[in-house]
1. Can you find a residue in region 60-77 that is in contact with a Leu (Cβ under 7 Å, 6 or more places away or on another chain), at pLDDT 60 or above and closer than 23 Å to TRP133 by Cα?
2. Kindly indicate the residue of region 137-189 that is in a strand (DSSP E or B) and among the polar types (S, T, N, Q) and also farthest from CYS90 (Cα to Cα) among those meeting that condition.
3. Among the residues of region 120-133, is there at least one that is in a strand (DSSP E or B) and within 18 Å of SER87 (Cβ to Cβ)?
4. State whether one or more residues within region 123-143 are within 20 Å of PRO39 (Cβ to Cβ), of a type outside the set (A, V, I, L, M, F, W, C) and in contact with a His (Cβ under 6 Å, 6 or more places away or on another chain).
5. Which pairs turn up if I take residues in region 75-97 that are farther than 19 Å from ASN158 by Cα and look for partners that are of a type in the set (S, T, N, Q) and assigned to a strand (DSSP E or B) with beta carbon separation below 8 Å, at least 6 apart in sequence or on another chain?
Amino acid sequence: MLNGVRKSVHGYRPDFAATNGENGMTLTLRDSMHLVSDPEHLEQSVREVFETMLGVQCHRESSVDPRCEVDAQESVTSVVGFGGILSGACVFRCDALAARQIATHMAGMEFDTVDDTVKDAIGEICNMLAGTWKSKVPDLAANCGLSVPAVITGSDYNLHVQAPEFKVCQEFRFGSNRFEMTIVCDGLQ
């Protein structure tokens, strides 16, 4: 697709677009569904972000409760929305202790409570995970934007997505800390 700037600079010539690769990009994810919903992409993304940004090794838990829920007195959840050719969300959820440990690795200081710095750290981790995950599929990387992270804390809440197209949920550990990562898609173009 050519926008107005390209049309005016190059003069709209269909042969220009075809010879310069602009028609080569798939604008539907249906053809790449096997890549988008591949659980390996989520696992690779988690490992990359945690090793690079926190300097810790993550291990995927093999026995995950199909509901994929953190059992905690207080949990911290961050949500980053996807918009464009895929609509949905990246959801990161952990207990308060894991959230404080993540913030400690990011900021280099200890945290006794889930304060604004801890919440910001969890939002940023979720944002990095969402970006890394979407970069695994070229069409998705180029045609899907991310929202600002939203962070929710508490002990009595549920996150519900109505009839998702697909959902990939995995549980991980670093040290003695546990967290969940979920990719939910409620629409594909």
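The values are calculated or read from the model by the stated rules, or taken from the named source; none is laboratory data. If you're wondering where the values come from, they're calculated on a predicted model, not measured in any experiment. We place every Cβ from the backbone using ideal geometry, glycine too, and count neighbours over all the protein chains shown.
1. The answer is yes, given that some residue of region 60-77 is in contact with a Leu (Cβ under 7 Å, 6 or more places away or on another chain), at pLDDT 60 or above and closer than 23 Å to TRP133 by Cα.
2. Going residue by residue through region 137-189, those that are in a strand (DSSP E or B) are 144-146, 150-154, 166-174, 177-188.
Going one step further and asking which of them are among the polar types (S, T, N, Q), we end up with 153, 170, 177, 182.
Numbers: THR153: 16, GLN170: 12, ASN177: 20, THR182: 6 Å.
The residue in question is ASN177.
3. no
4. Yes: region 123-143 contains one or more residues that are within 20 Å of PRO39 (Cβ to Cβ), of a type outside the set (A, V, I, L, M, F, W, C) and in contact with a His (Cβ under 6 Å, 6 or more places away or on another chain).
5. Between residues of region 75-97 that are farther than 19 Å from ASN158 by Cα and residues that are of a type in the set (S, T, N, Q) and assigned to a strand (DSSP E or B), the close pairs are LEU97/ASN177.
One line per residue, one yes/no per condition, for (1) of a type in the set (A, V, I, L, M); (2) modelled with pLDDT under 90; (3) surrounded by fewer than 20 Cβ atoms within 10 Å (Cβ to Cβ):
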position: GLY84; (1), (2), (3): no, no, yes
position: MET109; (1), (2), (3): yes, no, yes
position: ALA121; (1), (2), (3): yes, no, no
position: ALA142; (1), (2), (3): yes, yes, yes
position: VAL148; (1), (2), (3): yes, no, yes
